[in-house]
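> The structure that follows is given in the form of structure tokens.
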Amino acid sequence: MAAAGHAGSMDQVTFDVSRVRAAYPALGDGYAYLDGAAGTQVPRTVIDAVAAAARGGIGNAGGAFPASHRAGAIVTSCRQAVADLVGGRPAGVIVGPNMTTLTYRLAGTLAATWKPGDEIVVSRLDHDANVRPWIQAAARAGVTVRWAEVDIATGELPAAQYDGLLSGRTRLVAVTAASNILGTRPDVAAITARAHAAGALTYVDGVHATPHGPIDVRALGADFYATSAYKWSGPHIGAVIADPDLLETFRPDKLASSPGTVPDRFELGTPAYADLAGVTAAVEHLAGLAGPGADGDRRGRLLASMTAVAEYENGLFAVLLGGLEAMEHVTTYGKAANRAATAYFNVAGHTPAEVAAHLADRKINVWNGHNYAWELTGALGIRDSGGAVRAGLVHYNDRSDVERLLAAVRELAP
Ligand SMILES: Cc1ncc(COP(=O)(O)O)c(C=O)c1O
């Protein structure tokens, strides 16, 4: 038994990490999977759902025959599942291959409504997938880009600075709900409230935030919320969630022959139906993480489960971060008050690539480099020297993963 907590009106909700780990076949290979921030493993139920969809026969959706009806039902279920996960409406769930592809698509679509002299605000904290698509679209439209800066000493993205960045010309604020290297969770609600007061739309990158706790897109003030299922135990599928009434106001480029309805008109070509079945199974899996104590509808179970996940990860992260910070030969980056369980660090006398190779020899999976946090690693002054090492926790990591990492990093002391 690893952690216990209460959530909403639920009875005692438990988080049993050994039960959770048993659901993941890949975790049996003896490696410590601390690379979840780059993509999680998938539970058996997801593997089975993808296989069952393929085995059962899938046609293209919209036809007269049962295999086609099954494809349509897979899409409908997937939209409902993703909506439940983030507190959105199924008719506002756009699915696609990954967050980057969808964000480029949305950037092109939104930018078609921008005029020269308009402005957008991006942040130095963000993964490049929530920066470059907007900057490139802005350049094409003659739109000015303003930057929200990170406090390098703390890794925070202060919300108050947006007062000086926004104006009546601001059309969009793009900001992350959690940094994929420092874990920083900015006060997104405070940022989006300022954006809305200025009349701007908000595009929130939830790729790193979604696996680490309960998400409510309305409370976040996210007009658009992007997430990727492969970061939360699902297949390699991305989704953007928006209010369907807002989507009705945009006209993305599309084929003359493809559906003109929302959200379908934002999706290009034939979807990966079997993988979408896996997305639904992943959401079901997350809803069940809190154990048998959680009951009620799926949204309620998700809130309970993800609250228990956050509590569990935070406890384990304190051990990980405390252990790294106690080592004199280790430099850690970021000290945000509100943080997803992601550590980013360097080891004196070793390049990040050497550290990652040393850890791989000891069966520990971590990432090294800029991890696409292009602007942030530039601001930290480490992008050109190879970035740093990222060790991220997700719900299936346990104390032994953390202890193995700490012992292996300790071996590198001079
Ligand atoms: C915070 C964040 N945003 C965006 C992305 C890009 O997501 P995708 O791989 O789905 O395009 C990632 C991927 O690592 C990420 O961590």
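> Give me a count of the residues in segment 97-148 that are among the hydroxyl-bearing types (Ser, Thr, Tyr) and either within 15 Å of the ligand (Cβ to nearest atom) or closer than 13 Å to Asp205 by Cβ (or both).
Within segment 97-148, residues that are among the hydroxyl-bearing types (Ser, Thr, Tyr) and either within 15 Å of the ligand (Cβ to nearest atom) or closer than 13 Å to Asp205 by Cβ (or both) number 5.
> Related question: Could you tell me whether segment 149-172 includes any residue that is among the β-branched types (Val, Ile, Thr), more than 14 Å from the ligand (Cβ to nearest atom), assigned to a strand (DSSP E or B) and surrounded by fewer than 22 Cβ atoms within 10 Å (Cβ to Cβ)?
Checked against the condition, which is being among the β-branched types (Val, Ile, Thr), more than 14 Å from the ligand (Cβ to nearest atom), assigned to a strand (DSSP E or B) and surrounded by fewer than 22 Cβ atoms within 10 Å (Cβ to Cβ), segment 149-172 yields no hits at all.
> Follow-up. Using beta carbons and a limit of 6 Å, which pairs, at least six apart or on different chains, have the first residue in segment 187-209 and farther than 24 Å from Ser228 by Cα and the second one part of a loop (DSSP other than H, G, I, E, B) and within 11 Å of the ligand (Cβ to nearest atom)?
Once the first residue is farther than 24 Å from Ser228 by Cα and sits in segment 187-209, no partner that is part of a loop (DSSP other than H, G, I, E, B) and within 11 Å of the ligand (Cβ to nearest atom) comes close enough.
> Here's a follow-up. Would you mention how many residues in segment 235-260 are over 20 Å from Arg89 (Cα atoms) and within 22 Å of the chain's Cα centre (by Cα)?
2
> Something else about it: I'm trying to understand the selection: among the residues of segment 334-376, which are part of a loop (DSSP other than H, G, I, E, B), at negative phi, within 16 Å of the ligand (Cβ to nearest atom) and open to solvent by 60 Å² or more (accessible area, probe 1.4 Å)?
Asn338, the sole residue that qualifies.
> Would you be able to say whether some residue in segment 235-244 is open to solvent by 60 Å² or more (accessible area, probe 1.4 Å), over 26 Å from Leu303 (Cα atoms) and more than 16 Å from the ligand (Cβ to nearest atom)?
There is no residue in segment 235-244 that is open to solvent by 60 Å² or more (accessible area, probe 1.4 Å), over 26 Å from Leu303 (Cα atoms) and more than 16 Å from the ligand (Cβ to nearest atom).
> Which count do you get for residues in segment 173-192 that are outside any helix (DSSP H, G or I) and open to solvent by less than 20 Å² (accessible area, probe 1.4 Å)?
Qualifying residue count for the region: 13.
> Among the residues of segment 261-277, is there at least one that is within 23 Å of Arg70 (Cα to Cα), open to solvent by less than 10 Å² (accessible area, probe 1.4 Å), within 16 Å of the ligand (Cβ to nearest atom) and within 16 Å of the chain's Cα centre (by Cα)?
No; the residues of segment 261-277 include none that is within 23 Å of Arg70 (Cα to Cα), open to solvent by less than 10 Å² (accessible area, probe 1.4 Å), within 16 Å of the ligand (Cβ to nearest atom) and within 16 Å of the chain's Cα centre (by Cα).
The values are calculated or read from the model by the stated rules, or taken from the named source; none is laboratory data. Treat the numbers as computed from the prediction; the structure is a model and nothing was measured. Virtual Cβ from ideal backbone geometry, glycine too; neighbours counted across all protein chains shown. SASA here: full protein model, heavy atoms, side chains in, ligands and nucleic acids out. Shrake-Rupley method; radii C 1.70, N 1.55, O 1.52, S 1.80 Å.
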